[in-house]
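Take a look at the structure set out below.
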Amino acid sequence: MVPGQQVRSIRRRGIASSPVLYAMLLPSVVFLLIFSYAPMYGIVIAFQNFMPAKGMFHSSFVGLEWFSFVFRMPDFGKILYNTVAIAGMKIIFGQLAPIIFALLLNEVRGKIFKKSVQTFVYLPHFLSWVIVGGIFMDLLSTEGVVNRLISALGGEPVFFLGSNAWFKFTLVTTEVWKSFGWGAILYLAALTAINPELYEAATMDGAGRFSRMRYITLPSLTPTIILLCALSLGSILEAGFDQILVLYNPAVYESGDIIDTFVYRQGLLQMQYSMSAAIGLFKSVVSLFFIILSNWAAARFAGYRLF
């Protein structure tokens with residue numbers, strides 16, 4: 001039997017032996033085909049002067065004109081910088097916070113208290129940014145609780161959501177607050193896989209909590225940390241559209257406008273469909289590059305391949 005026939009035979013035996021599993025997989029595959037692969041034919045409008053009345057098949061072809069136009073826009077460099085800066089800070093602090101939280105929670109011995117804390121910090125993850133954004137708008141307004149506390153301590157009120165100097169900091173802080181509890185799940189799971197005998201041996205040798213954390217816990221978590229950091233590279237241009245759309249305003253476009261919000265305004269509000277498609281395609285190509293890079297980094301430093 002030739003190699004190709006062997007592969008097909010193995011696949012048929014696998015499907016025949018696990019039909020239920022493949023049936024459970026089928027809805028996800030259909031969903032992916034309909035909503036992820038089928039719409040890809042729309043990429044063609046990035047190379048057209050698209051007119052909705054004419055449709056994709058009759059709109060004039062302009063080649064790379066829209067890409068050239070976008071890259072020459074005076075604001076595009078700033079928008080790209082904001083996207084990378086906000087996403088980069090979210091990746092860095094979004095990894096540090098769950099690691100620190102998992103390490104601290106791992107040292108808690110009271111099971112009831114530990115489970116209560118875990119449940120409490122998980123809850124914000126399940127709230128939409130519409131709800132969370134409304135809460136922070138009240139908390140961070142000039143008359144909000146945070147500014148009242150700053151004034152009570154002798155400081156000047158800060159307009160967190162209307163100041164270009166503070167807006168990036170506000171975005172990163174609120175994102176980390178919302179997601180660090182959920183992000184710590186993988187680290188807590190990795191901590192349970194550490195052999196308890198290592199801690200027992202270290203304790204018998206006189207190692208304290210911080211020494212055990214430094215020489216046992218952190219080295220054991222290193223592969224997981226590297227893997228998750230590598231995986232996050234693929235979202236370097238995903239700065240959080242829903243969060244920024246809820247919290248930003250024209251006063252902070254200079255520091256908070258990202259690729260997704262710019263595409264939203266140009267594509268849906270101003271109906272510049274071809275330009276928006278060109279920007280989206282550019283973003284997708286860059287993201288693909290970073291996904292390939294993250295796969296290499298995961299294999300190189302964590303011994304794990306994504307594909």
Full extension from residue 131 to residue 214: what is 0.36 nm times the residue separation minus their Cα-Cα distance, to one decimal in nm?
26.0 nm
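Using only the heavy atoms of the protein chains and a 1.4 Å probe, how would 58, 125 rank by accessible area, largest first? All intermediate terms of the calculation are to be shown ahead of the outcome.
Values: 58 140, 125 65 Å².
Most to least solvent-accessible, the answer reads 58, 125.
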Whole-Å semi-axes of the ellipsoid equivalent to the stretch 166-307 (Cα gyration tensor, √5λ, descending)
41, 20, 10
What is the spread of the Cα atoms of the stretch 40-84 along each of their three principal axes, largest first, in whole Å?
35, 20, 16
Order of 226-235, 126-135 by packing, highest average Cβ count within 10 Å first?
226-235, 126-135
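Nearest 20 debye, what's the magnitude of the dipole of the chain about its Cα centre given +1 on Lys and Arg Cβ and -1 on Asp and Glu Cβ? Walk me through the intermediate numbers first.
Working: 22 positive and 15 negative charges, 220 e Å.
So the dipole magnitude of the chain works out to roughly 1060 debye.
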Which length gain, in nm to one decimal place, applies between residue 21 and residue 72 when the Cα-Cα distance is subtracted from 0.36 nm times their residue separation?
13.3 nm
Rounded to whole angstroms and listed largest first, the alpha-carbon spread of the stretch 230-307 along its three principal axes comes to 46, 27, 17
Over the chain, with a Gaussian network built from C-alpha contacts below 10 Å, which listed residue (254, 107, 175) shows the highest mean-square fluctuation?
107
Among 256, 219, 268, pick out the residue whose Cα is farthest towards the positive end of the charge dipole of the stretch 211-270, where Lys and Arg carry +1 and Asp and Glu carry -1 on C-beta, about the Cα centre.
219
What does the convex hull of the Cα atoms of the stretch 100-227 come to per residue, in Å³, rounded to a whole number?
163 Å³
What nm distance separates the two modelled labels at residue 92 and residue 156, each placed 7 Å from Cα along Cα→Cβ?
2.7 nm
Sticking to Cα atoms, compute the Rg of the stretch 203-258 to one decimal and its Dmax as the biggest Cα-Cα distance, whole number, in Å.
20.1, 61
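Take each complete run of DSSP H in the chain, measure how far its Cα atoms stretch along the helix's own axis, and keep only those covering 15 Å or more with mean Kyte-Doolittle hydropathy at least 1.6; list them.
Numbers: long enough: 3-17 (21 Å, -0.93); 19-32 (20 Å, 2.07); 76-106 (45 Å, 1.44); 111-122 (16 Å, 0.04); 167-192 (38 Å, 0.89); 218-232 (20 Å, 1.74); 273-301 (41 Å, 1.27).
Sorted by number, the helices that extend far enough and score high enough are 19-32, 218-232.
In the stretch 23-69, what chymotrypsin sites (Phe, Trp or Tyr not before Pro) fall in a loop by DSSP, with at most 15 other Cβ atoms inside 10 Å?
Details: sites: 31, 35, 37, 41, 47, 50, 57, 61, 66, 67, 69; in loops: 50, 57.
Passing both the DSSP loop test and the Cβ count: 57.
Take the cross-link list 90/111; 54/283; 114/168; 90/115; 90/114; 114/178 and give me the ones stretching past 22 Å between alpha-carbons.
Working: 90/111 31 Å; 54/283 26 Å; 114/168 32 Å; 90/115 26 Å; 90/114 26 Å; 114/178 19 Å.
Those over the limit are 90/111; 54/283; 114/168; 90/115; 90/114.
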Of 159, 290, which has the most accessible area with a 1.4 Å probe, and how do the rest follow in descending order?
159, 290
Report residue 173's accessible area, 1.4 Å probe, all protein chains in place, as a number in Å² to the nearest 10.
70 Å²
Accessible surface of residue 43 in the full protein assembly, 1.4 angstrom probe, to the nearest 10 Å²?
70 Å²
Let me know the whole percent of all Cα-Cα pairs from the stretch 33-142 that are separated by more than 17 Å.
78 percent
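Using a Förster distance of 30 Å, how high is the FRET efficiency between residue 122 and residue 44, based on the Cβ-Cβ distance and rounded to 0.05? Write out the running numbers ahead of the final one.
Details: r = 43 Å, r/R0 = 1.43.
Efficiency, rounded to the nearest 0.05: 0.10.
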Go ahead and collect, in residue order, the members of the stretch 165-200 whose backbone nitrogen is under 20 Å from a label point 7 Å along the Cα-Cβ direction of residue 81.
165-172
Extent of the chain along each principal axis, from alpha carbon coordinates, in Å, largest to smallest?
80, 77, 33
Assuming R0 = 45 Å, what is the FRET efficiency of residue 169 and residue 195, from their Cβ-Cβ distance, to the nearest 0.05?
0.65
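The values are calculated or read from the model by the stated rules, or taken from the named source; none is laboratory data. Since this is a predicted model, take the numbers as computed values, not measurements. All Cβ positions, glycine included, derive from the backbone under ideal geometry; neighbour counts span all protein chains shown. Surface accessibility is based on the protein's heavy atoms, side chains included, excluding ligands, DNA and RNA. Shrake-Rupley method; radii C 1.70, N 1.55, O 1.52, S 1.80 Å.
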